[in-house]
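The values are calculated or read from the model by the stated rules, or taken from the named source; none is laboratory data. Keep in mind it's a predicted model, so treat the numbers as computed, not measured. Positions of Cβ are backbone-derived with ideal geometry, glycine not excepted, and every protein chain shown enters the neighbour counts. The accessibility values were calculated without ligands, DNA or RNA, using every heavy atom of the protein model including side chains. Shrake-Rupley method; radii C 1.70, N 1.55, O 1.52, S 1.80 Å.
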Amino acid sequence: RAIFLHSFSGYGVIKSNNLRLILSPSLHLESHEGIRGDKFLEVPQIVWGLNNQKIAFARACLTARMLNRTLLMPSLSASLFYKEIDLLHPISFDQVFQYERFNSLCNRFVRLGRYSDLGNQTGKYDLRKGSGRKWTVERDLEQLKQSSRGPIDKYQVISMAGKNPFLWHDHWPVKDYARVFECLVLVDEIAKEADKVVSKIRRIGRKLRSKTNFGAEDSSLSHAPYVAIHMRVEIDWMIHCKKLEQRSRISQICSSKQEIMERVGNIVGLGSTAIVYLAVADSLLNDSSILDGWKRGLVPFEKKKLGVDGIYKKHSYLIQSAIDYEVCSRADIFVGNSFSTFSSLIVLERTQRVIRMGITSSCGIDVRWPSYAYNIPGESNGPQKWMTNMSDSNLKAISYGSNAISC
């Protein structure tokens, strides 16, 4: 029999008859390290698109971590928000992501709490994040440092007032964001909807490959691969990216439909037959031209042609985006725009998977779950291979900026 005690420092064993008392410093460490559960950080409702909301949420988590506080579970936004505040529809975090699972996966790194955890205590300090040109990254960091000690830290709740966390200054490396993103697991209801879409894509893929093999039995057909393309060709995006090109003096941001189709068709080793899922805005679903002009052997589908648009339509904008994100993330090959937040977070997640396999670069080798940026020319006039630079000091590289493109 053994009893683990963690009230002592250092290793040691105390013997008493049949009983061995094992002094474990690791258990001692666990009881004192981690995020405090009696001090909390409150943030404003999180807005914008799904992936900007994920960034905002992660930034709020990392802010709470710096303050050694539990983040009170924030509200997300079910609707896409630009300027119409009256159209904003809040949705609880645990209606999209698994609350308990998040705390389990992010144990001792960041922590979520519920408002019911506050009990009867009401001590709250309103802390306004600075704004304007004079509010620098350094001043923001100093404000956080001051809030982590002294009289402010005595309050049970620090409530951040003002702008959405996505617009806060960034003080944390990409690897810390990646750690938080890994803890975001969709609730079963949404994950099952994504399962239906992926299953439909693979089922059609198996039929097409079977026809190509003239009905021959092929064990490889059990897992029909597919390519997912985050196809940014909407009018609002083209206006935005053109302005971005002018401001940044970078010409490789916008890509026409024709350019995307040509580069995807030139991916080395793509194969003679491939299902291509187009993740496009609903406004393009009635535009049949989006499916025309693809290289022979590439069979394009969007939600409507795939017959899954009904799955999406019964959900809010946020849930639709979550489903599409999952479908793209699971693809055997993903192709996106390196200046898109949606594409960038998918590549970050896929990069994490590849790194776990011991691969740190896609240069010159074939890796599982490859990703490409169609807006940058690569090998054989195909899209550029793409892996996130996990050593970046902040998330600016994947937040409306130039991403780390490998090779």
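Taking amide H positions as placed in the peptide plane 1.01 Å from N, state which residues far from SER75 in sequence (5 or more) or on other chains have amide H under 5 Å from it.
So SER75 has HN proximity to ILE46.
Could you check the spin-label model distance between GLU259 and LEU291? Points 7 Å from the Cα along Cα→Cβ, value in nm.
Calculated label separation equals 2.6 nm.
Out of the DSSP beta bridges found with both residues in the stretch 36-183, what percent are antiparallel (nearest 5)?
Close to 20 percent.
Residue by residue through the stretch 233-245, which ³J(HN,Hα) values in whole Hz follow from phi under the Karplus form 6.51 cos²θ - 1.76 cosθ + 1.60 (θ = phi - 60°), with glycine and proline marked x?
9, 5, 4, 5, 5, 5, 5, 4, 5, 5, 5, 5, 4
So what's the stretch 36-183 giving for Cα Rg divided by 2.2 N^0.38 Å, two decimals?
Against the empirical 2.2 N^0.38 Å value, I get 1.00 for the stretch 36-183.
At 7 Å along Cα-to-Cβ for each site, give me the label-to-label distance between ILE235 and LYS192 in nm.
3.9 nm
Taking only C-alpha pairs under 8 Å that are 6+ residues apart, what is the relative contact order of the stretch 36-183 in percent?
Relative contact order here is 36 percent.
Exactly which chymotrypsin sites (Phe, Trp or Tyr not before Pro) in the stretch 33-114 are in a DSSP loop and have at most 14 other Cβ atoms within 10 Å?
Qualifying residues, ordered by number: TYR82.
For a 24 Å ceiling on Cα separation, which of these pairs sit above it: LYS124/LYS145; LYS196/LYS385; LYS175/LYS385; LYS39/LYS129?
The answer is LYS196/LYS385.
Whose amide H sits under 5 Å from the amide H of GLN384, counting only residues 5 or more places off or on another chain, with H placed in the peptide plane?
When sequence neighbours closer than 5 places are left aside, the close amide H contacts are ALA373, ILE376, GLY378.
Taking only protein heavy atoms into account and a 1.4 Å probe, give the accessible area per residue of the stretch 123-282 in Å².
Per-residue accessible area for the stretch 123-282 comes out at 53 Å².
On a 1.4 Å probe surface of the protein chains, which of THR63, THR360 comes out largest in accessible area, and what is the full order?
Largest accessible area first, the list is THR360, THR63.
Once ligands and nucleic acids are excluded and a 1.4 Å probe is used, how much of LEU105 is accessible, expressed in Å² to the nearest 10?
70 Å²
Where q = 0.11, 0.13, 0.17, 0.19 Å⁻¹, what log10 of I(q)/I(0) comes from the Debye formula for the stretch 290-363, counting one point per Cα?
-0.38, -0.53, -0.84, -0.99
Considering amide H positions built from the backbone, and no H for Pro or chain starts, which residues 5 or more places from PHE97, or on another chain, come under 5 Å of its amide H?
VAL187
Applying 1/(1 + (r/R0)^6) with R0 = 30 Å to the Cβ-Cβ distance of TYR115 and HIS89, what FRET efficiency is obtained, to the nearest 0.05?
Approximately 0.95, to the nearest 0.05.
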